[in-house]
Amino acid sequence: MSLPRRVRVTARAKLNLGLAVGPRRADGFHDLTTVFQSISLADTLLAERQPRGFRLIVRHEPAAERGRLTARTRAAVPVGQANLALRAARLAARHAGITGGARLTLIKRIPAQAGMGGGSADAAAAMAAIFALYDVRVPLAERLELGAELGSDVPFALMGGTALGTGRGERLRPVRGLRSFRAIVAVPAWRVSTAQAFAELDRFRYGLTARNAPLRFGKVTGRMVIEPCEFIRLGNSFESVLGARSPSFTGLCSRMREAGLLEPRMTGSGSAVFGLLARGASVRAVLDRLAGSEALYVVRSARRALDIGRLR
Ligand code: C5P
């Protein structure tokens, strides 16, 4: 079969259903325990084969049910060499001995620096696109290892579904039996730098409270049927180091609860907060009750992170 000229990759965002961060390690990263969950909100990556070199164009497409992307949000997505998708494409090509290149068009819908794994999703999509364009088969374990070179969340963005993440987030074990769910994700205007959020945890030494986290998460993962709230109730360490932003976070959680959303929780190091929709609840009614300026996304849990399609 001939090589495809173009491929389209759907790259889904993630939520952390609970996230417990441990102390800083000698290599500067932090051991953590979390449950990653793929969700329906996704970027699209179009990749077209070209003889050599890699280029990237980024387009922003509004995906929020309510609220808009601000210019600052858009600016948080790097263009050019700093973009993780471009770095991932180059790494994948080098790894597989591919000498050809690709032109990438990234259609961005996942808000950046919100804790939803948008950059990692794009990196995973770029790796998958390069392997598909040049028909290279790379075993999953090898792809995950390669992904970890780009970022701690990239292996999950390749694997998808529901997974227990340990180590710096790159060690994954699939979790079975989690009930599917719908949620509303609220994204405040402020953004969070992951590195800075981890540094704040060090400053306040909250990480030390996460010592028994693998045990607490392990107790839940062993069950036949798991409700998402069982993981969510295990908490998120980053909620304790918001400093001046703490009142705005707790205010948002109260408004979400008042609107009928269950168990509001921060994802990753923020700033996005998600709340579960009760079974049978009307999205419209909840949105109507939810006051505030945050951008709102309606999502559902997804079984996969990536979908790859060949185009003519
Ligand atoms: O792995 P990634 O590039 O996404 O991490 C960004 C930064 O977040 C790291 O440079 C590090 O400062 C911090 N980090 C950490 N512990 C982790 C993951 C990330 O300290 N488990």
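Readers should treat all values here as calculations from the given coordinates under stated rules, not as data from a laboratory. Here the structure is a predicted model, which is why all the values come from computation and not from measurement. As a convention, Cβ positions derive from the backbone with ideal geometry for all residues, glycine included, and neighbour counts pool all protein chains shown.
Three semi-axes describe the equivalent ellipsoid of segment 7-94; taken as square roots of 5 times the Cα gyration tensor eigenvalues and ordered largest first, they are 27, 21, 14 Å.
Counting neighbouring Cβ atoms within 10 Å and putting the fewest first, the residues 224, 127 line up as 224, 127.
Remark: C-alpha extents of segment 187-312 on the principal axes read 45, 39, 36 Å, sorted largest to smallest.
Considering only 101, 115, 28, the Gaussian network model of the chain with Cα springs below 10 Å gives its largest mean-square fluctuation to 28.
Of the DSSP H helices in the chain, those with a Cα length along their own long axis of 20 Å or more and a mean Kyte-Doolittle hydropathy reaching 0.0 comprise 118-133. Considering only alpha-carbon pairs that sit under 8 angstrom and 6 or more positions apart, the relative contact order computed for segment 112-263 is 19 percent. When only alpha carbons are used to place a centre, segment 4-31 and segment 180-235 end up 13 Å from one another.
Of the chymotrypsin sites (Phe, Trp or Tyr not before Pro) in segment 18-62, the ones in a loop by DSSP (not H, G, I, E or B) with at most 16 other beta carbons within 10 Å are 29.
Springs join every pair of Cα atoms under 10 Å in this Gaussian network model of the chain, and among 177, 165, 280 the largest mean-square fluctuation is at 280.
Over every Cα atom in the chain, the radius of gyration and the widest Cα-Cα span, Dmax, amount to 19.0, 58 Å. Residues whose amide H falls under 5 Å from that of residue 169, counting only those 5 or more places apart or on a different chain, are 32, with hydrogens built in the peptide plane.
When only Cα pairs below 8 angstrom with a gap of at least 6 residues are kept, segment 154-234 shows a relative contact order of 31 percent. In order along segment 48-64, the phi-based Karplus estimate (6.51 cos²θ - 1.76 cosθ + 1.60, θ = phi - 60°) of 3J(HN,Hα) comes to 10, 5, 9, x, 8, x, 10, 10, 9, 10, 10, 10, 9, 10, x, 10, 6 Hz; Gly and Pro are listed as x. Spin-label model, residue 135/residue 203: points 7 Å from Cα along the beta carbon direction are separated by 5.5 nm.
Other residues lying with their Cβ under 13 Å from the Cβ of residue 61 contribute a combined charge of +4, Lys and Arg counting +1, Asp and Glu -1. Contact order for segment 1-306, expressed relative to its length and based on alpha carbon pairs under 8 Å spaced 6+ residues apart, stands at 27 percent.
Per-residue Karplus couplings for segment 285-296, computed as 6.51 cos²θ - 1.76 cosθ + 1.60 with θ equal to phi - 60°, are listed in order as 5, 5, 4, 5, 7, 8, 8, x, 9, 5, 6, 10 Hz, Gly and Pro entered as x.
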